[in-house]
Ligand code: ZN
């Protein structure tokens with residue numbers, strides 16, 4: 001009897017933990033003509049793009065009209081796809097400024113924006129305007145640059161969004177939760193796009209030791 005209770009308790013705790021870490025879309029406002037802004041943020045290799053794609057796919061399956069944008073500067077893999085590191089790709093439109101997102105958002109329900117940190121300072125205004133028009137806006141981007149400083153328009157986006165989800169990577173040195181993107185080479189250029197060879201996720205302690 002004790003054993004069964006233990007299993008029930010473990011399942012309940014697991015369920016509770018999941019509820020605490022997962023973004024639950026059923027909490028979002030589903031009333032007609034009510035938009036909102038969601039931000040998915042964290043370090044490199046924390047699964048931001050995977051989470052963005054998961055939310056967009058679910059909207060698409062439900063028959064909602066979805067448009068996806070990314071900055072023209074992010075040309076690592078493909079010009080026409082939002083690509084995450086596990087090659088779980090979804091088609092997107094590269095744009096050179098946040099103003100163009102407004103122009104390209106026609107009759108749609110959901111807007112996804114990837115690599116938001118590389119957009120200009122007007123991106124929060126654009127996102128809030130879209131939400132005010134009744135559109136669900138889902139933004140994914142790095143919260144900090146390689147020096148641990150807030151990145152581009154992300155702080156303003158996080159401050160004005162209804163929902164903010166911080167995702168974490170695993171520290172490559174000690175295995176704790178990581179939220180810094182440490183650059184492995186000496187370049188000081190902020191706009192260095194790269195994969196595993198250029199960056200490693202580190203926790204606070206290991207980042208400070210570097
Ligand atoms: Zn560490």
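The values are calculated or read from the model by the stated rules, or taken from the named source; none is laboratory data. Everything quoted here is computed from the prediction, not taken from an experiment. Here the Cβ positions follow ideal geometry from the backbone for every residue, glycine too, while neighbour counts run over all protein chains shown.
Below are the figures for this structure:
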| quantity | calculated |
| --- | --- |
| Tally, over the range 127-143, of residues that are over 23 Å from residue 54 (Cβ atoms) and within 17 Å of the chain's Cα centre (by Cα) | 1 |
| Residue match in the range 112-125 (condition: within 16 Å of the ligand (Cβ to nearest atom) and surrounded by 22 or more Cβ atoms within 10 Å (Cβ to Cβ)) | no |
| Among (1) modelled with pLDDT under 95; (2) in a strand (DSSP E or B); (3) under 14 Å from the mean Cα position of the chain (by Cα), the one test that residue 39 misses | (1) |
| Residue satisfying all of: in the range 144-187; part of a helix (DSSP H, G or I) and touching a helix residue (DSSP H, G or I) at 6+ places or on another chain (Cβ under 7 Å); surrounded by the most Cβ atoms within 10 Å (Cβ to Cβ) among these | 157 |
| Exclusive hit being exposed (fewer than 15 other Cβ atoms within 10 Å of the Cβ) and either closer than 23 Å to residue 153 by Cβ or modelled with pLDDT of 65 or more (or both), set 95, 66, 73 | 73 |
| Pairs, first more than 7 Å from residue 202 (Cα to Cα) in the range 173-186, second in a loop (DSSP other than H, G, I, E, B) and near the ligand (Cβ under 10 Å from one of its atoms), C-beta under 6 Å, six or more apart | 176/203 |
